[in-house]
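Read the structure below first, then the notes.
Derivation of every value follows stated rules applied to the coordinates shown; laboratory data play no part. Just so we're clear, the structure is a prediction, and the values are computed from it rather than from any experiment. Cβ sites come from the backbone with ideal geometry, for glycine too, and all protein chains shown count toward neighbours.
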Amino acid sequence: AQKVTQAQTEISVVEKEDVTLDCVYETRDTTYYLFWYKQPPSGELVFLIRRNSFDEQNEISGRYSWNFQKSTSSFNFTITASQVVDSAVYFCALSEGTTSGTYKYIFGTGTRLKVLA
Amino acid sequence: DTEVTQTPKHLVMGMTNKKSLKCEQHMGHRAMYWYKQKAKKPPELMFVYSYEKLSINESVPSRFSPECPNSSLLNLHLHALQPEDSALYLCASSQVNRGGEKLFFGSGTQLSVL
């Protein structure tokens, strides 16, 4: 069955430190999509990145970077020079097709990141 | 306008009450979703609507009744809820329901059942 594992429940770092959030997934599909979402205390999940299974190119967006490795079924997320505003819960997710042809997300359990000033 | 708006933001209800949660988007999205999120847990899918038709019901108890009156609106009708139903209810939308579509989330309704 499809599964997303975020082994780190909570991470605390001091501002300006780099931090990596781990995500490991399981799927039988050859075509799949992986996502990262951020959930600040306000509650709204905010989309950060999407990656399809055929694109293993790493991506950098400002202080954020993502490392996708199919060989290890991992899609890790690094924040460089962390800031207090990065404090949030981060969810990794996998898009799964159903037998009826619809799609749904499988969310990991989330990693709570606390950035201390 | 890239917002999903949910009302009310907070709701307290008794176990015999009937209430409704409302969700609205004006991005022209044709897929809308209800999720339930307990504290310190990931969102759990409840329902998916695709082109105003219910396409996924994740075996949700009948005391939760979804409704999609048009492509911009999604309601969740609540009746005879239990205290364990207290949670954050999140609405989301996507252009269509297809692999790889990103979800746009509202900020949720924090529901407390007494």
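Place +1 on the Cβ of every Lys and Arg and -1 on the Cβ of every Asp and Glu in chain A, take the dipole about the Cα centre, and give the residue among A:PHE68, A:THR20, A:THR30 whose Cα lies farthest towards its positive end.
Working it through, the farthest residue towards the positive pole turns out to be A:THR30.
Which chymotrypsin sites (Phe, Trp or Tyr not before Pro) in the range A:42-80 pass both tests, a DSSP loop state and at most 10 other beta-carbon atoms within 10 Å?
On the way: sites: A:PHE47, A:PHE54, A:TYR64, A:TRP66, A:PHE68, A:PHE75, A:PHE77; in loops: A:PHE54.
Hits after loop and neighbour filter: A:PHE54.
Please state, as a whole number in µm²/s, the translational diffusion coefficient that the Stokes-Einstein equation yields for the range A:46-117 at 25 °C and 0.890 mPa s, with Rh defined as the Kirkwood radius across alpha carbon pairs. All intermediate terms of the calculation are to be shown ahead of the outcome.
On the way: Rh = 14.0 Å.
My calculation gives 176 µm²/s for D.
Measuring from the lowest to the highest alpha carbon on each principal axis, how far does the range B:43-103 reach, largest first, in angstroms?
For the range B:43-103, the Cα extents along the three principal axes come out at 35, 23, 18 Å.
Which whole-number percentage describes the relative contact order of chain A, with Cα contacts under 8 Å and a sequence gap of 6 or more?
Numbers: 281 pairs, mean separation 43.3, N = 117.
Value for chain A: 37 percent.
Give the separation of the Cα centroids, the range A:17-86 to the range B:1-77, in Å.
A separation of 26 Å, based on Cα centres.
Taking only C-alpha pairs under 8 Å that are 6+ residues apart, what is the relative contact order of the range A:24-92 in percent?
35 percent
Once you list every other residue whose beta carbon is under 13 Å from the beta carbon of A:TYR25, what net charge do they have if Lys and Arg are +1 and Asp and Glu are -1?
On the way: positive: A:LYS3, A:ARG28, A:ARG51, A:LYS70; negative: A:ASP22, A:GLU26, A:ASP29, A:GLU96.
Summing Lys/Arg as +1 and Asp/Glu as -1 gives 0.
Taking every alpha carbon pair in chain B, what does the distance histogram look like in 10 angstrom bins from 0, in percent?
15, 50, 29, 5, 0
Just checking the output field for B:95-107: average partner chain Cβ neighbours within 10 Å of each residue's Cβ? Please report the intermediate quantities before stating the final value.
Values: counts 0, 1, 5, 6, 13, 11, 6, 8, 7, 4, 7, 3, 5.
Average neighbour count from other chains, rounded to a whole number: 6.
How big is the Cα convex hull of the protein assembly as shown in projection, averaged over all directions, in nm²?
Values: hull surface 51.3 nm².
Its average projected convex-hull area is 12.8 nm².
When only Cα pairs under 8 Å and 6 or more residues apart are kept, what is the percent relative contact order across chain B?
Relative contact order here is 37 percent.
Write out the cysteines belonging to the protein assembly as shown for which the nearest other cysteine Cβ is not under 4.7 Å, or none if no such cysteine exists.
Isolated Cys, the protein assembly as shown: B:CYS68.
Roughly how compact is the range A:1-78, stated as its Cα Rg over 2.2 N^0.38 Å to two decimals?
Working: Rg = 13.2 Å, N = 78, 2.2 N^0.38 = 11.5 Å.
This ratio for the range A:1-78 stands at 1.15.
For the range A:1-96, state which trypsin sites (Lys or Arg not before Pro) are in a DSSP loop and have at most 11 other beta carbons lying within 10 Å of their beta carbon. Please report the intermediate quantities before stating the final value.
Details: sites: A:LYS3, A:LYS16, A:ARG28, A:LYS38, A:ARG50, A:ARG51, A:ARG63, A:LYS70; in loops: A:LYS16, A:ARG28, A:ARG63.
Answer in residue order: A:LYS16, A:ARG28.
Between A:GLU96, A:GLU26, A:GLU44, which gets the highest mean-square fluctuation from a Gaussian network model of chain A, Cα cutoff 10 Å?
Evaluated over chain A, the most mobile residue of the options is A:GLU44.
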